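Enquirer: Take a look at the following structure, please.
Where a number appears in this text, it was derived from the coordinates with a stated rule and is not lab data. Computed from a predicted model, the values in this text were never measured in an experiment. Cβ placement follows ideal geometry from the backbone for every residue including glycine, while neighbour counts extend to all protein chains displayed.
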Amino acid sequence: MISAGVLTKAHRVELLNGEIVDMAPIGPEHNSEVDFLNAYCNDLPRQEVIVRTQGSIQLDEASQPQPDIALLHARKDFYRLKLPGPKDIFLVIEVADSSLLLDRDVKVPLYAKAGIAEMWLVDMVSHEVVVHRQPRGGKYMKITRHRSGDKISPQAFPKHFLKIAELFE
């Protein structure tokens, strides 16, 4: 759509279920959480992971979301010619404040339907991280909630812990 002149690079939109959806403006707290998560993810082994921050992934022909963080299988070309798809993704993370309903009710089911192995919803309103795993039949079969005092790690990198309390400091 950009090459056709319908949209410019300045438009903040995502393709979700075949619809162009405006993305909510990003405020300072949201940016801070994404930066913190980016720093956490950049400690993962670089030979195994590419950390994509607020970049596009391809779920199917009708959905091209831009999660706040996507942990991708490392590739020498950094997905230069083709967007990463579900099999290329270890984990997606969405930071949700004003976007909570869209992230929870639209994007989480899209990730599950596409077979994304793991999805974290960082709920800035309730100060919790909702971890979604085991996608099956368009739903995540295992959903756990984590608050201050808990620590979590991506299932692909179980020794790399994130303390929830540090995320919301």
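Enquirer: Could you pull out the trypsin sites (Lys or Arg not before Pro) across segment 35-117 that fall in loop regions by DSSP (anything but H, G, I, E, B) with no more than 10 other Cβ atoms inside 10 Å?
Expert: R46, K76, R80, K82
Enquirer: Are there chymotrypsin sites (Phe, Trp or Tyr not before Pro) in segment 56-109 that DSSP marks as loop and that have at most 16 other Cβ atoms within 10 Å, and which are they?
Expert: Passing both the DSSP loop test and the Cβ count: F78.
Enquirer: Another question, if that's okay. Multiplying the sequence separation of K151 and L101 by 0.36 nm and subtracting their Cα-Cα distance, what value in nm do you get?
Expert: 15.5 nm
Enquirer: Which angle between 0 and 90 degrees, to the nearest 10, do you get for helix 28-41 versus the longest principal axis of the chain when only C-alpha atoms count?
Expert: Computed tilt is about 70 degrees.
Enquirer: If you don't mind, another one. Got the relative contact order for the chain handy, in percent, Cα pairs under 8 Å and 6 or more residues apart?
Expert: RCO, the chain: 15 percent.
Enquirer: Given an 8 Å cut-off on Cα distances and at least 6 residues of separation, report the relative contact order of segment 82-169 as a percent.
Expert: That works out to 22 percent.
Enquirer: Take the alpha-carbon centre of segment 25-57, take the same for segment 94-165, and report the distance between them in whole Å.
Expert: Taking the Cα centre of each part, segment 25-57 and segment 94-165 sit 15 Å apart.
Enquirer: Okay, next question. Would you compute, from DSSP H runs of 4+ residues alone, the mean residue ellipticity of the chain at 222 nm, taking -39500 (n - 2.57) per run and dividing by the full residue count, rounded to the nearest 500?
Expert: -4000 deg cm²/dmol
Enquirer: Once a ≥ b ≥ c are taken as the square roots of the eigenvalues of the Cα gyration tensor of segment 36-169, is the result rounded (a/c under 1.5), prolate (a/b larger than b/c) or oblate (a/b not larger than b/c)?
Expert: oblate
Enquirer: What is the fewest-to-most order of E169, E94, E128 by other Cβ atoms lying within 10 Å of their Cβ?
Expert: E169, E128, E94
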